[in-house]
Structure formats: C-alpha cells, structure tokens
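What follows is one structure encoded as structure tokens, with my remarks underneath.
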Amino acid sequence: MSSLKDKTARGLLWGSLSNGLQQLLNLLIGIFLARQLSEADYGMVGMVAIFTALGACLQEGGFIAALNKRQGATHRDFNAVFWTSIAIGGTFYALLFFSAPLISRFYGVAELTPLTRYVTLSVVISSFSTAPRAWLFRHLMVRETSIMTLIALTISGMVAIGMAYSGMAYWGLATQNIVYISIVAALSYYFSGWRPRLSFDLSPVREMLGFSSRLIITNVFNIINANVFSVILGRLYTTRDVGNYTQANKWNTMGSSLISGIIYGVAQPVFTRVEGDRARQKAVLRKMLRFTALITFPLMLGLSLVAREFIVILITEKWLDSARIMQMLCVAGAFVPVSALFSNLVISRGHSGAYMWATMTQCMAGLVVALLLARHGIHAMVAAYVVVSILWTGVWLHLAHRETGLLATEFLRDIAPYLLLAATLCIGSHFIADGIDNIYFRLVAKIALVAFPYVGILWLAGSRILHEGVYFIIHRELKE
C-alpha cells in the first residue's frame, strides 16, 4: 500500500514538473510562432487537424489502455498491437492521401491538398510507437515519458520556429508535429527497451478488441468534439476565423492539459491496481479529485481573467479577437481535468462502453448546439459549448458514483473550497486591477491578487492536500 502511494506521489510529482516544463516550452514556442505567422496560417493547419487526430486515434486503437488493463500482458500481446497499429496507420494514410482533393474542395482552399498529404504522414510514424508507449504507460514510467516528451517538444519547436522565420508559413506548423511524433517514436523504444518481433499472431488483438473498439469510437467522438468548431468555421467563415479560434483553443488546451496530463499518466494505472478494493479506490479518487481541484480552478479561471493581457503582451494585438474566445474556453477548461479523472476511473474498471456512450452523447450535444447557433456567430457557439461541457461533469460524476459510490455531496465537498475561492479571487481581482492603465502592471496585479491569497488562505485553513504536497516535495529534496 505504501509502495503504491509512493509511486503515485512520484508519478504526480514527475507529471507536475514535466507538464509544467512542457507548457512553458509550448508557451515560448507559441509566442515566437504566433508573432511570426498570421491567423490564416493557423487556420490552414487548424482545418486539417481533425484528420490527423482521427488517424492518430484509429492507429492507437485504444490499445494502450487495453494493454494496461490486460492481466499478465506479455511480449506477445505488445507485439500483436505493434503490427496491428502499423497496418491501421498505413491504411488510414492511404485513404487520406487520395481523399485530399475532396477535403480541399469541401473548404474551397486548393492549398489543402498537399498540406493534408504532408501533415497526415504523422499518423504512419506514430503507429510505430504505440506498443512501446503502452509499455511505458503500463509500468508507470512517468519520468522516462517526461524526458522523452520534453526532448521532442524542444527540437520540434526549434524546427518550427526556424521554418517560420524562413518564410515557410504554415509548413512550419505542419513540420513541427511530424518532427515531434518522430522523436517520441524513436525515444519510446530507447526508454522502454521493448523491441518488436517478426511474428504475426494477432489473436491477442482480437481478445482486446471488445474493450479497445469502444475506446476507438469514444476517442473519435472526442476528436470531433474538440475540432467541430474548426470544421464549421472553415466551412462557413474564413481561414482567419479558424485561426483566431485555433489560437484561443491552443492556450486553453495548454492550460487544461497541464493538469489532465498529470492525471492521465498516473490515474489509470493506479486505479487498476486498487480495483479489487472499492473503498480504497474511492479514497484514491477523492484524494486525486482534491489535488486536481487545487490546481485546475485557479489556473484555468486565472487564465480566463488575464486572457486579454496575455494575448496582447505575448503575441501582439493582431490576435486580440481570440482573447474573448479564450476567456470562455478557459472556464470550460477548468472542468476538463475533473471529467478526465472520472473517465480514467471508468476506463480502469473496464467499462469502456459507459465511457463511449457518455462521450458520444456529449459530443452530439455539443455538435447540435454549435450548428443551431452557427448563424449567431462564433461567440454564441463557444458560450453554448462551455455550458454543455460544465453540465456534463454531472454525467461523469454519475458514472464515478456507480463505480465507487462517490456521492454528489462528497464531490462538492472535495471541489467547492477550491472552486469558490478561485472564482471569488478572480472576480475581485478583475474589479480591483482592471482600472490599471499599464497593461504590464495590470497583468502582474491580477496574477498576484489571485495567486498569493489563494495559497495563503488554503495554507492557513489547513488544506491537507496542499500541506501533503509541500511536505512530499521538501521531504524528497532533503532525502536526495
């Protein structure tokens, strides 16, 4: 029990450090690129992002989660996934290659034909890394995964910046993704030590297919949900509109994925190891829920608070139209890590069907709302999406209740102190600091008026999760 607790703490620590550094690198890279590139450049890549994401989803096939769930998984299981993933990735790329002219015709942008064929090469490259990444995930090798990701992010970002400053426009953004995935694929073999064999026994895949196929369908709907606005905007509006939304969503995703990435790297493996003890699993869930709430609400609501200053200072006023979109998306983003924690619980219990239907329904609700409000403009669409996303947390809570018996009152007791405190401080900071004329002073004032009181009040109130986190970090440093 203490071993699992220590592994979980180490995983959360490494995940926190890694995701923090990743988002810092993403921030720096994003600043350079956004200053050099136009809204239309981001719009071009944004319009084909859904196809790359779908390809990555299909070739991964839900096998990483399936291998994590599989009792006594052997090299034979991983090898079967390796060859299956490559076959799916290659087939999907061939379909996209020949369908590229149709995609261009749909959007009315001829340049999308070569861009689609180039960007989606990442699907084939990524298929080679599914098995070794599953190995790293199953064995809670968060440290190795963190190092691998940081190296890939740094090199791919430098390549993109170099290409952007050389005048290669959106090709730099496209190349960034390909370089990133290529490095991750290579390093996943190095850190995992896993190697494929020339044997084609696919029977383990057939055994995992019932579980993984539902994850595939679910992830497809997740991708549609994440990219539906880019598709609708690209079809009804201009590449500039798509670019502004893409830019706003990038910063929102960067913030929410900071927490979701930490949770994803630890939650499923830990939940799987305690699935035989419902009371213990509930205790683990509630502790991780408090940890998530501690970070996500001040970070995401704070990002919404400073969106205008953030955009203007870092990537100039040409992107100011994206600030209002970013403000709304960040409110929804505050609840994304909470939903991600519940969904990881459901998957770890082997109930991929429930996960599938909950995600599909959420996606369809968001799609219907977006289409109904499309004629009212992008801000109305995003506002409705935010409402749907927040309300859907209740659906995930219901599923978590079925798995662990977590009550709504317990859920509110776990997150309410952090949500209410962060929201109150953000509202107060807005009214106090918004009158400051200097944009730099205003940004610093808003951050300070939220960050320092938030930590100070929780510390004085005896927040157990905050005290435990600080104690673990200090204790670990002293031991090392």
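The test for being more than 20 Å from the chain's Cα centre (by Cα) and over 30 Å from N438 (Cβ atoms) does not hold for V306. If you go through segment 294-315 one residue at a time, do you hit one that is among the charged types (D, E, K, R) and more than 27 Å from S343 (Cβ to Cβ)? Yes, because at least one residue in segment 294-315 is among the charged types (D, E, K, R) and more than 27 Å from S343 (Cβ to Cβ). In this structure, is A226 surrounded by fewer than 19 Cβ atoms within 10 Å (Cβ to Cβ) and either within 22 Å of the chain's Cα centre (by Cα) or at positive phi (or both)? So A226 passes the test. Comparison of L412, L421, L399, L425 shows that the only residue that is surrounded by fewer than 18 Cβ atoms within 10 Å (Cβ to Cβ) and not basic (K, R) is L412. Put simply, of T239, T218, T246 the only residue that is in contact (Cβ under 8 Å) with a residue 60 or more places away in the chain, hydroxyl-bearing (S, T, Y) and more than 24 Å from A34 (Cα to Cα) is T218. The set of residues in segment 278-318 being acidic (D, E) and either at pLDDT below 90 or open to solvent by 20 Å² or more (accessible area, probe 1.4 Å) (or both) consists of E317 alone.
Checking each residue in segment 123-158 for being in contact with a Ser or Thr (Cβ under 6 Å, 6 or more places away or on another chain) and in a helix (DSSP H, G or I) picks out I125, S127, T130, P132, R133, W135, L136, S146. The condition of being touching a helix residue (DSSP H, G or I) at 6+ places or on another chain (Cβ under 7 Å), farther than 21 Å from S203 by Cα, in a helix (DSSP H, G or I) and open to solvent by less than 10 Å² (accessible area, probe 1.4 Å) holds for L115. Mind telling me which of the residues A152, A134 ends up being of a type in the set (A, V, I, L, M), crowded, with 23+ Cβ neighbours inside 10 Å and under 21 Å from S260 (Cβ atoms)? Exactly one of A152, A134 is of a type in the set (A, V, I, L, M), crowded, with 23+ Cβ neighbours inside 10 Å and under 21 Å from S260 (Cβ atoms), namely A134. Condition first: among the acidic types (D, E), in contact (Cβ under 8 Å) with a residue 60 or more places away in the chain and touching a Lys or Arg at 6+ places or on another chain (Cβ under 7 Å). Can you find one or more residues in segment 309-317 that meet it? There is at least one residue in segment 309-317 that is among the acidic types (D, E), in contact (Cβ under 8 Å) with a residue 60 or more places away in the chain and touching a Lys or Arg at 6+ places or on another chain (Cβ under 7 Å). Return a yes/no flag: does segment 74-89 have any residue that is open to solvent by 20 Å² or more (accessible area, probe 1.4 Å), at pLDDT below 90 and among the small types (G, A, S). Checked segment 74-89: no residue is open to solvent by 20 Å² or more (accessible area, probe 1.4 Å), at pLDDT below 90 and among the small types (G, A, S). All conditions but one from (1) open to solvent by 20 Å² or more (accessible area, probe 1.4 Å); (2) closer than 21 Å to G394 by Cα apply to D321; the one that does not is (2). Looking at the structure I just gave you, is I465 under 24 Å from the mean Cα position of the chain (by Cα), part of a helix (DSSP H, G or I), at pLDDT below 90 and under 19 Å from L294 (Cβ atoms)? Yes; evaluated as a whole, the condition is true for this residue. Of the residues making up segment 19-59, those that are more than 15 Å from Y245 (Cβ to Cβ) and among the β-branched types (V, I, T) are I29, I31, T52. For segment 190-220, the set of residues classified as open to solvent by 40 Å² or more (accessible area, probe 1.4 Å), in contact with a Ser or Thr (Cβ under 8 Å, 6 or more places away or on another chain) and of a type in the set (F, W, Y) consists of F191 only. In a residue-by-residue description of segment 28-41, the property of being within 19 Å of the chain's Cα centre (by Cα), at pLDDT 80 or above and open to solvent by 30 Å² or more (accessible area, probe 1.4 Å) applies to at least one position.
The values are calculated or read from the model by the stated rules, or taken from the named source; none is laboratory data. Because the structure is predicted, anything quoted here is derived from the model rather than measured. Note: ideal-geometry Cβ built from the backbone for every residue, glycine included; neighbour counts use all protein chains shown. Just the protein is used for accessible areas: all its heavy atoms, side chains included, with ligands, DNA and RNA removed. Shrake-Rupley method; radii C 1.70, N 1.55, O 1.52, S 1.80 Å.
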